[in-house]
1. Please name which of 146, 226, 20 has its Cα lying farthest along the dipole of the chain towards the positive end, using unit charges on Cβ (Lys, Arg +1; Asp, Glu -1) and the Cα centre as origin.
2. Mind checking Rg over Rh on the chain, alpha carbons, Kirkwood formula for Rh?
3. Check cross-link reach from residue 189 to the aspartates and glutamates: straight Cα distance under 18 Å, and skip same-chain residues fewer than eight apart.
4. For the range 160-244, just the Cα atoms, rotate onto the principal axes and tell me the three extents in Å, largest first.
5. Obtain the radius of gyration and the Kirkwood radius of the range 98-228 from its C-alpha atoms and give Rg over Rh.
6. Can you give me the relative contact order of the chain as a percent, contacts being Cα pairs under 8 Å and 6 or more apart?
7. So who's got an amide H within less than 5 Å of the one on residue 184, skipping anything under 5 residues away but keeping other chains? H placed 1.01 Å off N, in plane.
8. Enter the Cα centre distance for the pair the range 99-126 and the range 221-245, rounded to the nearest angstrom.
Amino acid sequence: MSAGRGSPLAWLPNAVTSGNLLLGFFSILASLRGLRAGAASGDFAVACWLILWATLGDVLDGKLAKLLHAGSEFGMYLDTFADAVTFGMAPAVLLYAAFLARPGGSPFQALAPLAYFLAACFRLARYNVQTQSGPRFGFVGVPTPTAAIIAATLYLSAARIAVAPEGVAALTALVALSMVSPFRYPALKGLKGREIGVVLVLLAATVGGALRWGTPPTVFVLFTTFALGWGLLWVPSRHLWVPGVRPGD
């Protein structure tokens, strides 16, 4: 999201986007190294953290583009390519290499990461088309950075326990479906005052519960359930409990 002509610092958002693209590339390399080295390799954790750092950069490049008035069509396409690699291909390779590349596995296990990658590309293409047709509240389908966080934190939370490949494949397919679903998921931008209050309460309750009782797998389950499920209820019911919101907004 970058590279306009009006600012001498317009190259900064593009540089951040390019950095995200490289983080995705290096994450893929780390996953492939882990695949060769075996399950005990620390390369998978490196691949996860590279993806997670890239989610911060994905927020930063958009903020910089707006701050510097440096948005452009070039930046939009570059951002899309970076997201396809870092939040589409890199998590798919991670899931396959860390969990699903097992001898004798079912075809479903091997095809689930492919479905994830294709769904991420479809989700990004649909987002670009819908953005050009006019802004609406939230996102259609789970955003690719959210899906990538689920993939990365799955490994980090389950690194020391046995995880069934069938369960990972099923979760991967579910996340893929959520990205291409027609359900609209809320975005922080555009939330009304009452919604912000609810989000803060939920966030505080989640953090407090995680600090008091949570283990990494428990926190992962809570986060994943919320990330995939809140769009099913929040947006369809907004007009019932948020002042000033009409059905279909």
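1. It is 226, whose Cα lies furthest towards the positive end.
2. The Rg/Rh ratio comes out at 0.98.
3. Cα-Cα hits under 18 Å: 58, 61, 249.
4. Taking the Cα atoms of the range 160-244, the three principal extents are 48, 35, 19 Å.
5. Reported Rg/Rh, Kirkwood definition of Rh: 1.02.
6. Computed value for the chain: 20 percent relative contact order.
7. Those qualifying (amide H under 5 Å, at least 5 residues apart or on another chain) are 141.
8. Going from one Cα centre to the other spans 27 Å.
Read-outs throughout are calculated quantities, based only on the coordinates presented, and are distinct from any laboratory measurement. The structure displayed is predicted, hence computed values, not measured ones. So basically every Cβ, Gly included, is an ideal-geometry build from the backbone, and we count neighbours across all protein chains shown.
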